[in-house]
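Encoded as structure tokens, here's the structure I'll be asking about.
Each reported figure results from applying straightforward, stated rules to the coordinates on display, with no laboratory input. Just so we're clear, the structure is a prediction, and the values are computed from it rather than from any experiment. Note: ideal-geometry Cβ built from the backbone for every residue, glycine included; neighbour counts use all protein chains shown.
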Amino acid sequence: MEVKAVARYVRISPQKVRKILGAVKGKPVEAGINSLKFMPQKAAAIVEKTLRSAVANADHNNELDVDALFIKNITVDQGPSLKRFRARARGRGSRILKKTSHITVVVADEA
């Protein structure tokens, strides 16, 4: 059975999150959490929190065995961008886009 957790409108660029996803995709949940815990990136902490939420959903809502879960899929989609303005020379302005992400973690049991 598959269980998912979604973190929406996270204030980090999707490109930065995608860099760390390959390290945990397809691993058992415990190994994935351990590897994310020791990564120095900000995105690792966010993905770890979402992964723990998916495990809690599996345990509480579907009463699955937590030790038998593995990370089936992790995807990152781009959310809406916050549009900001920065003053430039000669009275001009330039646009700053502060990107957001939607992170989806899917865990499944071995069966």
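So for region 54-76 (the condition being among the acidic types (Asp, Glu), surrounded by 13 or more Cβ atoms within 10 Å (Cβ to Cβ) and farther than 12 Å from Ala108 by Cα), does at least one residue qualify?
Keep residues of region 54-76 that are among the acidic types (Asp, Glu), which gives 59, 63, 65, 67.
Now restrict to residues that are surrounded by 13 or more Cβ atoms within 10 Å (Cβ to Cβ): 59.
Pick out the ones that are also farther than 12 Å from Ala108 by Cα and you get none.
No, because not a single residue in region 54-76 is among the acidic types (Asp, Glu), surrounded by 13 or more Cβ atoms within 10 Å (Cβ to Cβ) and farther than 12 Å from Ala108 by Cα.
Residues are listed down the side, and each one gets a yes or a no for (1) within 15 Å of Val6 (Cβ to Cβ); (2) under 21 Å from the mean Cα position of the chain (by Cα); (3) touching a residue at least 24 places away in the same chain (Cβ under 8 Å):
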{"position": "Leu64", "(1), (2), (3)": "no, no, yes"}
{"position": "Asp77", "(1), (2), (3)": "yes, yes, yes"}
{"position": "Lys83", "(1), (2), (3)": "no, no, no"}
{"position": "Thr100", "(1), (2), (3)": "yes, yes, yes"}
{"position": "Val105", "(1), (2), (3)": "yes, yes, yes"}
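Does region 1-44 hold any residues that are more than 21 Å from Val66 (Cβ to Cβ) and either basic (Lys, Arg) or in contact with a His (Cβ under 6 Å, 6 or more places away or on another chain) (or both), and which are they?
Across region 1-44, the qualifying residues are Arg8, Arg11, Lys16, Arg18, Lys19, Lys42.
Shifting gears a bit: Please enumerate the residues belonging to region 84-109 that are surrounded by fewer than 12 Cβ atoms within 10 Å (Cβ to Cβ), more than 24 Å from Lys19 (Cα to Cα) and out of contact with any Phe, Trp or Tyr (no Cβ under 7 Å at 6 or more places or on another chain).
Hits for region 84-109 are Arg84, Phe85, Arg86, Ala87, Arg88, Ala89, Arg90, Gly91, Arg92, Ser94.
Under 6 Å between Cβ atoms, which residue pairs at least 6 apart in sequence (or on different chains) link something in region 1-22 that is under 13 Å from Lys42 (Cα atoms) with a partner that is surrounded by fewer than 14 Cβ atoms within 10 Å (Cβ to Cβ)?
Pro14/Gln78
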